[in-house]
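Have a look at the structure below before the remarks.
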Amino acid sequence: MLDRRETIVADLADLLPPGCLVSDVRGLVPFETDAFIAYRRVPLAVALPETTAQVAAVLKYCSRYGIPVVPRGAGTSLSGGAIPQEDAVVIGLSKMTRILDIDFPNRTATVEAGVTNISISEAVMPEGFFYAPDPSSQLACTIGGNIGMNSGGAHCLKYGVTTNNLLGVKMVLFDGTIIELGGKALDAAGYDLLGLVCGSEGQLGIVTEATVRLLARPEGARPVLFGFSSSEEAGACVAEVIGSGIIPVAIEFMDKPAIGICEAFAKAGYPMDVEALLIVEVEGSEAEMDATLASIIDIARRHGVTTIRESQSATEAALIWKGRKSAFGATGRIADYICMDGTVPLSKLSEVLRKTGEIAARYGLRVANVFHAGDGNMHPLILYNINDPEDAARAEAAGNDILKLCVDAGGCLTGEHGVGIEKRDLMLHQFTQADLNQQMAARAAFDPQWIMNPSKVFPLEGRPTA
Amino acid sequence: MQTSFAPAQLADPQIATSEQILRKCVHCGFCTATCPTYVTLGNELDSPRGRIYLIKDMLENDRPADEEVVTHIDRCLSCLSCMTTCPSGVNYMHLVDHARVHIEKTYERPLGDRLVRAVLAAVLPYPGRFRLALKAAGLGRPFAGLLKRIGPLKPFGTMLDLAPSKVAPASIADTPGTHRVDGLKRGRVAILSGCAQPVLRPEINEATLRLLARLGVEVVVPENAGCCGALVHHMGREEQALEAARRMVDAWLKVKVDGGLDAVIITASGCGTTIKDYGHMLRLDPDYAEKAAEVSALARDITEYLSGLELPVLEKRALTVAYHSACSMQHGQKITMAPKVLLSNAGFTVRDPGEGHLCCGSAGTYNILQPEISTTLKARKIRNIEATKADIIATGNIGCITQIATGTAMPILHTVELLDWAYGGPKPALLETRD
Ligand SMILES: Cc1cc2nc3c(=O)[nH]c(=O)nc-3n(C[C@H](O)[C@H](O)[C@H](O)COP(=O)(O)OP(=O)(O)OC[C@H]3O[C@@H](n4cnc5c(N)ncnc54)[C@H](O)[C@@H]3O)c2cc1C
Ligand code: SF4
Ligand code: SF4
């Protein structure tokens with residue numbers, strides 16, 4: 001493949017408008033990784049098409065010559081989903097950023113795949129609507145990437161993740177065929193292929209347009225800070241709130257190191273004298289919010305809550321969320337990090353938090369926890385020094401132990417960041433080879449040539465074709 | 001991010017500083033979303049994260065700059081929106097400054113480009129030459145269209161387009177001297193008269209002098225001053241920039257010796273960002289490091305300084321102002337509320353245009369060197385400003401004033417011109433035709 005590079009680049013240049021192909025060796029380097037920076041591979045070329053037809057033309061060409069393709073949105077994947085391989089053409093959707101249709105009566109928006117998550121909410125905000133799934137990276141990540149990873153966010157506790165808010169897609173298959181799945185209506189005829197596509201990490205096709213559900217903004221929303229003197233108490237409080245049937249819009253967890261990191265950037269006024277903090281958001285009318293809060297406060301008191309602070313203004317509420325959503329990025333102020341993404345049953349939250357701390361200590365590493373507690377989606381951030389190979393190896397090993405801990409506690413490897421490269425080899429800890437074979441068969445039904453983001457998700461050993 | 005510099009490389013203090021900056025970036029991509037060039041072009045290479053990566057690769061490999069790297073660094077506006085967005089505190093400004101110096105030292109630009117840059121660097125920082133050039137531009141305007149059709153000469157055509165049709169004569173605000181106050185003296189400050197601003201809009205510093213005089217603040221226009229060096233600094237012309245910085249440091253500290261100095265007042269936020277960075281720029285110069293840091297600490301935007309003077313709250317007047325926050329104001333100096341509070345206290349109704357974080361495309365000499373991107377950004381900015389349906393525009397940077405004025409019929413003024421008027425000064429001439 002690599003010795004055919006010049007021909008491939010020349011052919012791709014014919015298929016794309018000027019300024020839409022990166023082939024210069026220097027220019028390719030910045031595409032070698034995404035937000036999972038531990039792993040890097042410079043691609044063969046990067047195509048930045050402007051239309052679905054151009055995406056189709058590039059895919060058709062690549063399929064004809066068996067060239068692997070890696071779809072890329074904003075490259076914010078934390079599992080290496082958008083990291084290329086040397087013999088691959090990256091297809092980046094960053095030039096496809098038009099909002100095509102906003103249909104308020106049907107409460108849908110149709111957008112190109114490169115539109116950022118937050119732009120959808122911004123576009124419909126003046127009319128009192130929003131798009132619910134809100135990954136912390138929502139400022140930058142694209143709807144195409146959200147579909148690729150079936151992304152979630154703080155407010156998904158109440159509103160569900162991407163798959164629960166996606167109504168339809170236009171998608172290009174490996175050979176350039178353009179298909180449409182779903183539409184503006186709630187349920188489409190036939191198999192729920194949309195459900196399969198959502199979370200398929202760019203392996204079933206390239207999404208070029210998406211139709212998503214819009215929701216009406218609640219009457220009011222109020223984030224409240226609950227401080228505890230131990231992570232265990234905070235964890236137990238979350239389990240009891242959910243167990244009692246209350247569903248707040250969001251319950252986010254931060255431990256002491258995470259609080260310090262976020263406060264340094266956002267100056268949100270988080271209490272600095274607590275060991276663990278929950279951000280609980282309630283919404284509705286004033287009376288509804290007061291009632292829900294009263295029940296949550298009761299439960300928190302039983303778990304020894306030490307500080308309760310309600311946001312007093314919209315600005316304060318915005319800062320509280322800004323701090324939380326910047327947590328990973330802000331961690332860069334103090335160290336390099338790997339972000340884990342395991343889920344656990346809520347009843348095991350406290351135990352897993354404690355054992356996570358023990359694992360990190362065993363490897364001599366620091367860890368900061370900041371995560372979506374309401375749905376048991378843990379994000380231990382393992383802090384290390386990426387310039388020190390031994391430290392990096394320790395961090396990776398600790399990460400593997402933590403993920404196995406989650407699986408053994410009855411949870412799974414990935415809540416929302418996807419398998420990508422990072423968790424590829426751990427899949428056998430969660431699934432048997434027979435399970436994986438079935439999944440690979442489903443994948444092959446869409447991409448028999450195995451050219452779509454091929455080196456991700458499934459362990460490199462034991463593939464039917466490879 | 002991981003970096004790989006050899007110990008020998010890290011012995012160079014510039015490299016050491018850049019390495020520390022690179023280490024902080026976690027490659028999260030947040031900054032891409034608020035970068036005007038990424039939003040316009042949709043290519044990671046034209047985003048902060050992409051540029052950081054290009055710079056990292058170039059510096060690590062100790063490589064001369066090449067066309068690809070230069071293309072994408074040149075497209076950077078230095079608007080610093082990325083620094084406002086970055087949760088990790090990556091100092092993109094110092095990194096890209098370093099890259100520009102590296103480019104200037106190791107890359108030979110095509111002849112046309114070199115010519116344009118040499119002319120800009122030789123003319124803009126010198127008010128006398130600039131005034132002459134503008135007068136010549138008046139004669140040259142009919143040739144703008146022709147020049148723009150000759151590839152390498154295109155920027156000269158753009159310059160003619162941007163040149164104002166009237167050139168003001170030299171103003172008292174740039175004549176060295178002390179403007180004493182009658183009655184109680186509340187403070188003593190030095191002012192930056194600047195280079196392009198006094199030629200393009202002498203009214204700005206004149207309004208500043210009047211307003212400060214009424215408020216009891218003595219203002220010194222120092223001897224031997226001139227351009228602060230920002231323009232050449234952004235072109236990577238390090239020696240010329242540092243020379244300007246040293247000259248300004250001397251000029252201002254002389255004012256201090258002569259009779260004390262509470263602040264250095266700057267009425268162009270583009271200059272303010274650079275002057276506040278003198279401490280960093282001259283950190284390796286043993287003779288100047290300390291003095292430069294002192295000047296940086298004394299530097300205040302005029303609105304910052306006025307905020308400390310507790311101006312009275314005035315009655316509302318029937319004039320709505322769209323406040324355009326210059327990038328150097330909001331991102332470079334993190335001054336966001338002060339100008340709006342001052343305007344609102346002075347009786348104006350203030351509106352925020354949408355997408356306020358995006359640059360208007362002026363960015364020093366950018367509108368001349370990168371006319372396509374600049375024009376796209378200007379149109380977008382004006383769309384957002386006009387959507388506020390305000391009567392006039394206020395901003396704190398001469399570059400933005402010149403840029404925006406060429407694209408809208410709405411009058412655009414410096415914040416201090418409006419404040420001077422509200423607090424007893426004459427009505428700005430631009431508004432004379434309105435009631
Ligand atoms: C600081 C930070 C915070 C984060 N917080 C969250 C969070 O709260 N919740 C969460 O779920 N995730 C989070 N993430 C992870 C990441 O932002 C999400 O996975 C996001 O959906 C990726 O979007 P992207 O546009 O960057 O896609 P990319 O990273 O470019 O790609 C992600 C995957 O999708 C595929 N893909 C991209 N575009 C398409 C397309 N058009 N068609 C088909 N496949 C495609 C890629 O091949 C890849 O496998 C966070 C990341 C960072 C850096
Ligand atoms: S936001 Fe900051 S840390 Fe994130 S990629 Fe940009 S510069 Fe790096
Ligand atoms: S300074 Fe402005 S143009 Fe340059 S990378 Fe940062 S945001 Fe983009």
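Every number here is computed from the coordinates shown, using simple stated rules; none is lab data. Because the structure is a prediction, the values reported are computed rather than measured. Cβ atoms come from the backbone with ideal geometry, glycine included; neighbour counts cover every protein chain shown.
A few notes on this one:
- Both the radius of gyration and Dmax for region A:1-138 are 16.8, 55 Å, in that order, over alpha-carbon atoms.
- Taking the three principal axes of the alpha carbon atoms in chain B, the coordinate ranges are 63, 50, 41 Å, sorted in descending order.
- J(HN,Hα) series, region B:36-50, from Karplus relation 6.51 cos²θ - 1.76 cosθ + 1.60, nearest Hz, glycine and proline x: x, 6, 5, 4, 7, 9, x, 10, 3, 5, 9, 10, x, 4, x
- Formal net charge of residues neighbouring A:ALA397 (Cβ-Cβ distance under 12 Å; K, R +1; D, E -1): -1
- Crossing angle, helix A:52-64 versus chain A [Cα axis fit, 0-90 degrees, rounded to tens]: 60 degrees
- Scaling the Cα radius of gyration of region A:412-466 by the globular reference 2.2 N^0.38 Å produces a ratio of 1.07.
- Length gained on full extension, A:ALA53 to A:THR177, computed as 0.36 nm times the residue gap minus the Cα-Cα distance: 43.7 nm.
- Cα pair count fraction exceeding 29 Å, expressed as % - region B:281-435: 24 percent
- B:ASP113-A:ASP408 FRET efficiency (beta carbon distance; Förster radius 60 Å; 0.05 resolution): 0.45
- Within the protein assembly as shown, percent of DSSP bridges classed antiparallel, to nearest 5: 70 percent
- In range of the label at B:LYS135: residues from region B:190-214 whose backbone nitrogen is under 16 Å from the point 7 Å along Cα→Cβ: B:199-200
- Cα long-axis angle, helix B:238-259 against chain B (0 to 90 degrees, to the nearest 10): 30 degrees
- When Rg and the Kirkwood radius Rh are both evaluated on Cα atoms of region A:332-385, their ratio Rg/Rh stands at 0.98.
- Near the amide H of B:VAL350, within less than 5 Å, lie the amide hydrogens of B:VAL321, all on another chain or at least 5 residues away, with H placed in the peptide plane.
- The largest-to-smallest principal axis extents of the Cα set in region A:74-169 are 47, 29, 21 Å.
- Residue-normalised convex hull volume from the C-alpha trace of the protein assembly as shown: 180 Å³ per residue.
- For the listed peptides B:279-287, A:145-153, A:63-71, a ranking on the average number of other beta carbons within 10 Å per residue, highest first, reads A:145-153, A:63-71, B:279-287.
- In Hz, Karplus ³J(HN,Hα) per residue of region A:216-227 (6.51, -1.76, 1.60; θ = phi - 60°; x = Gly, Pro): 6, 4, x, 4, x, 8, 9, x, 10, 9, 10, x
- Taking the convex hull of Cα positions in region A:221-328, its mean projected area over all directions (nm²): 6.0 nm²
- Between the Cα long axis of helix A:231-243 and the first principal axis of chain A there is an angle of about 80°, rounded to the nearest 10.
- For region A:408-413, Karplus couplings with θ = phi - 60° (6.51, -1.76, 1.60), whole Hz, Gly/Pro x: 5, 7, x, x, 9, 5
- For the peptides A:124-136, A:28-40, A:312-324, residues were scored by their other Cβ atoms within 10 Å and the scores averaged per peptide; the highest-first order is A:28-40, A:124-136, A:312-324.
- For chain A, the Kirkwood estimate of the hydrodynamic radius, built from every pair of different alpha carbons, is 22.9 Å.
- For the pair A:ALA444 and A:MET125, label points projected 7 Å from Cα toward Cβ lie 4.8 nm apart.
- Prolate/oblate/rounded label for region B:7-106 (Cα gyration tensor, a/c 1.5): oblate
- Using the Cβ-Cβ distance between B:ASP161 and B:LYS389 with R0 set to 22 Å, the FRET efficiency works out to roughly 0.20.
- Database remark: amide H of A:THR108 closer than 5 angstrom to the amide H of A:ASP103, A:LEU214 (H placed geometrically; neighbours at sequence offset of 5 or more, or on other chains; Pro and chain starts carry no H).
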